[in-house]
Structures are given as C-alpha cells and as structure tokens.
Amino acid sequence: LFAVAEIVALTRSLFIVILLHIYINCLILLLQFTGITCNGTIMYMFYKAKLLKKNPALRLLLFVAISDFLFASSSLPYSIYLTAFTITPPINLSPHYIMFSSIPLTLQLKLKLILTAAIALQRTLALFLPLLYRKQSSSAYSIAFLLFGISFGCIDLFLEFALSPLVEKPNCATIVCFVSEQFRDYWGTSNMALGLFIVVFTAMILFKLRSMEKLSGSERARVKKEGHRFHQANRTSAGMLLSSLLFIIMPSVCVGFVEMIGYSISRRLGPFYTFGLLCAGTCNGIVYVVLNQDMRAVFKSFFSEPAKSVISIHLIQSRSSTIK
C-alpha cells in the first residue's frame, strides 16, 4: 500500500511538472511573437525617422532592440522543440539539437547584460560627470560595447561546447541540464558579476534622478536648461534598466548565488533564462514608445494622415539633432 501511494505521488508530481513546462513553453512562444512585433516596430521607427538612428544617445538602445528582435526570431526552433517534446512523458530530448538550437540564448544573455551595463555606465557618466560624457564619442562607445558583448558571447559559446559532453539527460527540459557543472558555475558567476555592476549603477541613476526632482525652483530651472538634451535618453534608459533588473539581472544574480553555495536549482526552473530575456525584450519595446517623446510621436504618425506624418517626422528630426 505504501509503494502504491509513493507511485501515485510520484506520478502526480511528474504530471504537475509537465503541465508547468507546457504552460511556460507556450508563454515563451507568445512572448517571442510579441517581442518580434514590438522590437520590429522600434527598428522600423528608427528607419523612418533617420535622425533618431543618428542620435548617439539612442544608439545603444537601438542595438538592444536589434539584439532582442534577432533573439526572439532565432530562438523559435529551440522553443518549438521544447514545447513539442515535453507534452508527454518520458522527456528525452536530443542533446545535439538542444545544444545547437540554444546558441542564440547563450550569445544573447551575455550580449544583453553587457549592453545593459554599457547603458547604465553611459547614463551614470551623463548624470554625474557630464563634462567627461560630452568628451567621449557616443558612437564609438556604443560600437565598442556591442563588439565587446558579441566577443564575450562567443567565448561563452566556445566554453559551453568545449566543457559540455553531448549526452542525453532524461526528464529534463532545459539547456542547463545539458551543460557541464564547470560551465554552469562560470556562466552563473560571470552573469552575477555583471548583474551586480548593473544594480549598483542603476541605483545611482535612480538616486540622481530622484534628487533632481527635489531641487528648488531656480536650481531645477538651471538643471533643466543644461540637461534638457539628456532628458529623453535618461527616461528611456531608466525604464529599460528597470525592466532588465526585474526579468534578467535579479533572477541571474539569485540563481548564480544559489549555485555558488551548492544548490542546483536551474534544472527545476525550466527555461527561465529564455523567459526572462523575452520578457525584458518585450518590455523594452513598450518602454521605448511610452517613455520617449520622440519615439511616441513617430509611432503616432503611423496612424495619422500622410501630410501630418511627414510634418511630425521632420519635427522629430529637428529635435533629435539637438539631443545627445
């Protein structure tokens, strides 16, 4: 009787896990199509208002939107495979397909963290050291961190395949099960270090923006006059940093810390890295339009009369040429 009860409990637990995986994978597919739509719209907006693309203060945000769009598109085979082959037990995924189809995930996670760190550092310089910020080349800064992120993403891919044997992992529906413990420790620690860096600088940015709101009338007028060119970029960057903190950085820091003290919880959580990246990418697409006045005007011009759209875009371009 005890053995029967144990079998029933095990079956029920397995059934709940399978239902959870199905729910998460279906939600991931929905987020992928939403992310493709949102970030594709952002890219089209930059294409239509060309001086938005030439605005150095928004260059990093454009790179993030492009990377989110490419990740949501290229990770579809991985998500579809997980959804299709985790419906019925036993779960026994192909290690070759999982490893190769998850390449966008490994690359995007490190690229996203480094681009987010670059945005946090850039906004910190703009708010605390404006003279130093104005002396730097924003275009060169953005391209350097983009190449830096891609390079570290490629290093992660090399280490992943070099350290992880391609063997089957029954009853596991996430890439974390198929990588070696050495790579998992390195991945979690490096992501956690980047996450802590972003947390510190984001807190500094939010504190500075909050203190600027509490200035006296004359001081606020002076800051507004001097800092108007940074206002839109600051608002958009702060919103994007908060979404990244919520969906990527804090989960990565928590998981990395738990893994460091010897508890492996990644296997139980399922594809939470993919889920977090897609949530952040979708939220960023919304943040761009909601918090940035210029992008909001371009977005509204899509639904207005052609003559008004042309006038609106020209007004945006004239304003964007003065923003840095």
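The values are calculated or read from the model by the stated rules, or taken from the named source; none is laboratory data. In this text, all values refer to a predicted model and were calculated from it rather than measured experimentally. Reconstructed Cβ throughout: ideal geometry from the backbone, glycine too, with neighbour counts over all protein chains shown.
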## Note on the structure
The lone condition T116 fails out of (1) exposed (fewer than 13 other Cβ atoms within 10 Å of the Cβ); (2) closer than 19 Å to N234 by Cβ; (3) polar (S, T, N, Q) is (1)
### Query
On the given criteria, is S67 hydroxyl-bearing (S, T, Y) and either surrounded by fewer than 23 Cβ atoms within 10 Å (Cβ to Cβ) or touching a Phe, Trp or Tyr at 6+ places or on another chain (Cβ under 7 Å) (or both)?
no
### Task
Select from segment 74-87 the residues that are in contact (Cβ under 8 Å) with a residue 40 or more places away in the chain and of a type in the set (S, T, N, Q) and list them in ascending order.
S75, S79, T83, T86
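Take F161 and decide whether it is surrounded by fewer than 18 Cβ atoms within 10 Å (Cβ to Cβ), touching a residue at least 12 places away in the same chain (Cβ under 8 Å) and under 30 Å from Y23 (Cα atoms).
Yes.
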## Note on the structure
Heads up, the helices (runs of 4 or more DSSP H) in segment 207-283 (entirely inside) with at least 3 residues that are closer than 25 Å to G35 by Cα, at pLDDT 70 or above and under 22 Å from the mean Cα position of the chain (by Cα) are 217-244, 250-260
### Query
For K169, all conditions in the list (1) among the basic types (K, R); (2) part of a helix (DSSP H, G or I); (3) out of contact with any Asp or Glu (no Cβ under 7 Å at 6 or more places or on another chain) hold save one; what is the number of the exception?
(2)
### Task
Could you tell me whether any residue of segment 119-127 is within 22 Å of S252 (Cα to Cα), among the polar types (S, T, N, Q), touching a residue at least 40 places away in the same chain (Cβ under 8 Å) and buried (at least 23 other Cβ atoms within 10 Å of the Cβ)?
no
### Task
Evaluate segment 19-37: report whether one residue or more is farther than 29 Å from F178 by Cα and modelled with pLDDT of 90 or more.
yes
## Note on the structure
All conditions in (1) surrounded by fewer than 21 Cβ atoms within 10 Å (Cβ to Cβ); (2) at pLDDT 85 or above are true of F85 except (2)
#### Entry: Some residue of segment 150-157 being modelled with pLDDT of 80 or more, within 30 Å of T88 (Cβ to Cβ) and surrounded by 13 or more Cβ atoms within 10 Å (Cβ to Cβ)
no
## Note on the structure
Per the list (1) buried (at least 18 other Cβ atoms within 10 Å of the Cβ); (2) over 23 Å from G276 (Cβ atoms); (3) at pLDDT 90 or above, residue check on L105 breaks on (2)
### Message
Looking at (1) surrounded by 23 or more Cβ atoms within 10 Å (Cβ to Cβ); (2) in contact (Cβ under 8 Å) with a residue 60 or more places away in the chain, which one does I18 not meet, given that it meets all the others?
### Response
(1)
### Message
Please go through segment 128-142 and give me each residue that is touching a residue at least 12 places away in the same chain (Cβ under 8 Å) and either in contact with a helix residue (DSSP H, G or I) (Cβ under 6 Å, 6 or more places away or on another chain) or of a type in the set (A, V, I, L, M) (or both), ordered by number.
### Response
S138, S139, S142
